[in-house]
Amino acid sequence: MNNLEIRLAVKDNGLHLWQLADHLGMTDSTLSRKLRKELSPAEQQRYLSAVRQLAAQLKAGEAYAENENH
C-alpha cells in the first residue's frame with residue numbers, strides 16, 4: 001500500500017483522513033487520490049508533520065475537556 005506510514009500515523013493517532021485533508025486545505029477525495037501513488041519524501045514529511053499537529057490539538061482538546069469536567 002502506498003504511503004503506509006502516513007496512513008498508519010493517521011490511524012494510530014485516532015484521526016481520519018478527512019481531518020488531515022482539511023488541515024492541509026484540500027478535499028478528502030483529493031487527499032485520497034494523492035495517496036494512491038507514493039509521495040515525494042518532502043511531501044511525506046509535510047503530511048506527517050500535519051498529522052503530529054492534529055494529534056497534539058486533539059490531545060490538548062481532550063485535556064481541556066477533562067479539566068472542564070472536574
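Considering only residues that are touching a residue at least 12 places away in the same chain (Cβ under 8 Å) and either open to solvent by 80 Å² or more (accessible area, probe 1.4 Å) or not aliphatic (A, V, I, L, M) (or both), which ones fall in segment 1-17? Outline the logic, then answer.
As a first pass, look at segment 1-17 and keep what is touching a residue at least 12 places away in the same chain (Cβ under 8 Å): 2-3, 5-7, 9-10, 13-15, 17.
Listed by number, the residues that qualify are Asn2, Asn3, Glu5, Arg7, Asn13, Gly14.
Exactly one of these conditions fails for Glu38: (1) without any contact (Cβ under 8 Å) to a residue 12 or more places away in the chain; (2) surrounded by fewer than 16 Cβ atoms within 10 Å (Cβ to Cβ). Give me its number.
(1)
The values are calculated or read from the model by the stated rules, or taken from the named source; none is laboratory data. Computed from a predicted model, the values in this text were never measured in an experiment. In this analysis, Cβ positions are derived from the backbone assuming ideal geometry, glycine residues included, and neighbour counts consider all displayed protein chains. Note: accessible area is taken over every heavy atom of the protein model, side chains too, but ligands, DNA and RNA are not part of it. Shrake-Rupley method; radii C 1.70, N 1.55, O 1.52, S 1.80 Å.
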